[in-house]
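First up is the structure itself, then whatever we jot down about it.
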Amino acid sequence: MPQLSRRAFAGALPLGLIGGSLLGGGLLGDSAARAATQEAAKAPVAMNPFAQIRIGRFTVTALTDGYADMPYDYFPGRSAPEVERAASAQFTARPSGVRFLFNQYLVEDGERRILIDAGAAGSIGQTGQLPQALAALGLKSDKIDAVIVTHMHQDHMGGLVLGGKNNYPEAELYIDRRDIAHWTDPAKRSGAPEYLQTSFRMAEEVVRLYPRLQAIDGEREIMRGVSIVDLTGHTPGHIGVRVEDGGKSMIMVSDMIFPVVHPAATDVFFLFEQDRAAAKAMRDRFFPRAASEGALIAATHMPFPGLGRVVADHGEMRWQVADWALQD
């Protein structure tokens, strides 16, 4: 495993992004700065950020597969103008909607590497960067020992079956049995809207291509210190992952929390949620408990690296970004 600082936050920044102030500020001559910037502009723009924290014996690395902007009318429970105003108030509004990151988390203890979710792999927005992110750590997908899929929406499993093949050939695969049953049910698929059809198709490919798939039932321990948390609601078998060791813990909650709308309100949903009553009930239970416990949370779609806490602030719930860097 690479020896990387806990505060590591690195990426391949093209010179064109930093040339305006640094290169033109006397470090290089004007002509050299222009030449470097012009050369960088010819190269593909790539960004592979990562952030690492320690949870006892575990190193948890936040990676990202990319991003997509979700239209403001994708949040049932509030009108599109209401969502846009809330996004603007938080300085996160984009012309095309609310920016969603697609964060994945690599959990290592020196013996095993466990990946939590596999990204959208180009099936949504500007995604497909997870292989590059792993490569930045010196890893290929065949070095992953296990993949935990929090639920079978396309942005969490697309990387498993990109190109119609098993992309994690050495990995055991863990998915909740209820999600497998739902997303491989022909009757459910025939009655589902078009925007869910990709998830149904990918789910069938996952089952076909991964003979080491383990359909798990509820909460259980995957290995010492890594356990499944039942967060059903967003999908029938939506799960989280708790990483715990040495008196420290982190809960990866996947799609329990969406940017802009959560955790302030639990009566706001996302378009892909079919059972809104179940999703609301889970958030109604989870947010107050997370706030009372001060739980460190990792969330798929929150701004990178997706680490924060739910806090109670004058009777309202809000997201507090975790000061993950430079911590003991």
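The values are calculated or read from the model by the stated rules, or taken from the named source; none is laboratory data. Being a predicted model, the structure only gives us computed values, none of them experimental. Neighbour counts are summed over all protein chains in view; Cβ atoms, including those assigned to glycine, are modelled from backbone coordinates with ideal geometry.
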Matching residues in region 64-121 - criterion: being surrounded by fewer than 21 Cβ atoms within 10 Å (Cβ to Cβ), assigned to a loop (DSSP other than H, G, I, E, B) and among the hydrophobic types (A, V, I, L, M, F, W, C):
91
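Quick grid of which residues meet (1) assigned by TED's automatic domain parsing to the domain that holds residue 189; (2) in contact with a strand residue (DSSP E or B) (Cβ under 7 Å, 6 or more places away or on another chain); (3) farther than 28 Å from residue 99 by Cβ; (4) surrounded by 15 or more Cβ atoms within 10 Å (Cβ to Cβ):
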{"position": "211", "(1), (2), (3), (4)": "yes, no, yes, no"}
{"position": "216", "(1), (2), (3), (4)": "yes, yes, yes, yes"}
{"position": "222", "(1), (2), (3), (4)": "yes, yes, yes, yes"}
{"position": "228", "(1), (2), (3), (4)": "yes, yes, yes, yes"}
{"position": "232", "(1), (2), (3), (4)": "yes, no, no, yes"}
{"position": "243", "(1), (2), (3), (4)": "yes, yes, no, yes"}
{"position": "246", "(1), (2), (3), (4)": "yes, no, yes, no"}
{"position": "252", "(1), (2), (3), (4)": "yes, yes, no, yes"}
{"position": "259", "(1), (2), (3), (4)": "yes, yes, no, yes"}
When only residues in region 290-302 that are assigned to a loop (DSSP other than H, G, I, E, B) and modelled with pLDDT under 95 count, which is surrounded by the fewest Cβ atoms within 10 Å (Cβ to Cβ)?
294
Per the list (1) touching a helix residue (DSSP H, G or I) at 6+ places or on another chain (Cβ under 6 Å); (2) part of a strand (DSSP E or B), residue check on residue 227 breaks on (1)
Of the residues that make up region 130-137, is at least one of a type in the set (A, V, I, L, M, F, W, C), over 21 Å from the mean Cα position of the chain (by Cα), surrounded by fewer than 18 Cβ atoms within 10 Å (Cβ to Cβ) and assigned to a helix (DSSP H, G or I)?
no
When residues of region 266-289 are limited to those that are touching a residue at least 24 places away in the same chain (Cβ under 8 Å) and either among the small types (Gly, Ala, Ser) or not assigned by TED's automatic domain parsing to the domain that holds residue 63 (or both), the one surrounded by the fewest Cβ atoms within 10 Å (Cβ to Cβ)
281
Could you count how many residues in region 138-148 are in a loop (DSSP other than H, G, I, E, B) and in contact with a strand residue (DSSP E or B) (Cβ under 7 Å, 6 or more places away or on another chain)?
2
